[in-house]
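Below is one structure, written out as structure tokens; comments come after it.
Bear in mind that the values in this text are calculations on the coordinates, not laboratory data. Please read these numbers as outputs of a predicted model, since none were measured by experiment. Cβ atoms come from the backbone with ideal geometry, glycine included; neighbour counts cover every protein chain shown.
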Amino acid sequence: EGLYNLKYLNLGMCNIKDMPNLTPLVGLEELEMSGNNFPEIKPGSFHGLKSLKKLWIMNSQINLIERNAFDDLTALVELNLAHNNLSSLPHDLFAPLRYLVELHLHHNPWDCDCDILWLSWWLREYIPTNSTCCGRCHAPLHMRGRFLVEVDQTSFQCSAPFIMDAPMDLNISEGRVAELKCRTPSMSSVRWLLPNGTVLSHASSHPRISVLNDGTLNFSHVLLTDTGVYTCMVTNVAGNSNASAYLNVSTAELNTSNYSFFTTVTVETTEISPEDISPKFTKPVPTTSTGYQPAYTTTTTVLVQTTRTPKQVAVPTADSGDKMQTSLDEVMKTTKIIIGCFVAVTLLAAAMLIVFYKLRKRHQQRSTVTAARTVEIIQVDEDIPPAAASSAATTAGSAAGGAGE
């Protein structure tokens, strides 16, 4: 990227196996890619090279060039495909190259059959006789050694192309992927005529529709405007074959196979007061005591599930945007009230636990003191000796006598 003014690029003998993306080189005029390994050249390989005038791809082991592979090279003057493994070329491969005057095809094993007749005719018509372009036939044996320009239709009995898999009428919903088959021999030319008169080939650039390698017309997603007759036009040197199909695109239907429906009832507790009366609600009847009354709102909810359920879609019960907004506000109020209640209950439970813990601790402390005193009294009683007990009794008697006197 950024090499917009690059005029000449040499990628020869770089052991490249895949065609590089050269689209940003919009100013490129000469490209050398010989000595690499490109078994196939596909449509779009030279996309964006509108200024390219000379292209050399010699000795690169090319054995197949697909339909419309060179359609982007509209300014090409010289093309060198010598010393490869080409045996045939798709019908009208060089038709878009209006300025091509020098073509090198020698040292390729060409099969001189019905598929080569178009090339022989094209060489005679568009390539000067003094050009060193022309290769020689490699097969069949009785044609070996003859120049390609010398092959004519009298040497063969050719027939018009055969469409092996013709397109069929198709009914499809909008937005779906669609295909119209038109499978043909690889060396024939395939074009599609659309309902609006547009003609598409393998190299055409369309945002949604493309022609695949086997001739199939592919839609990445269909629109209602795609409805109409599509014609596949196949051409070779012996003639043309056409096949048409009708594509009917209908409005996309809502797939409700994976939906189930239920109604959610939201209960909100609101305080009735003269200052808070909303004009959207019926004025409540005054009562002698203020209190709380429940207000009920109903909303319809769609729940995605993996089970199959009824295919009918419920219509929301709200009649206008204002009611839907009111329902949402009420849901928010209810949620806030529930959260507030939950927090209050949690705090109350925590306070009760703290009080219970303190009471229990105090009770345990009192029980411990009482038990200690009881043990001490019992222990004193057991330790009194008998002599001390007699002395105590005598002293008590004496004291009683003195008192009597």
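Derived value for region 98-204: Kirkwood hydrodynamic radius 17.0 Å. Basis is the mean of 1/r over every pair of different alpha-carbon atoms. Counting only the Cα atoms, region 1-136 fills a convex hull of 92 Å³ per residue. Available extension along the chain between Tyr99 and Val199 is 33.8 nm, counting 0.36 nm per residue and deducting the alpha carbon span.
The mean of 1/r over all distinct Cα pairs in region 170-250, once inverted, gives the Kirkwood hydrodynamic radius of 12.8 Å. Pro109 sits among other residues whose Cβ lies under 12 Å from its own Cβ, and their net charge, with Lys and Arg +1 and Asp and Glu -1, is +1.
Residues whose amide H falls under 5 Å from that of Arg146, counting only those 5 or more places apart or on a different chain, are Cys137, with hydrogens built in the peptide plane.
Sorted ascending by nearby beta carbons within 10 Å, beginning with the fewest, Leu103, Leu119, Leu224 become Leu224, Leu103, Leu119.
Averaged over residues, the count of other Cβ atoms within 10 Å places the peptides 150-163, 22-35, 183-196 in the sequence 183-196, 22-35, 150-163, highest first. For the residue pairs Lys17/Lys54; Lys7/Lys42; Lys333/Lys361, the C-alpha atoms sit more than 32 angstrom apart in Lys333/Lys361.
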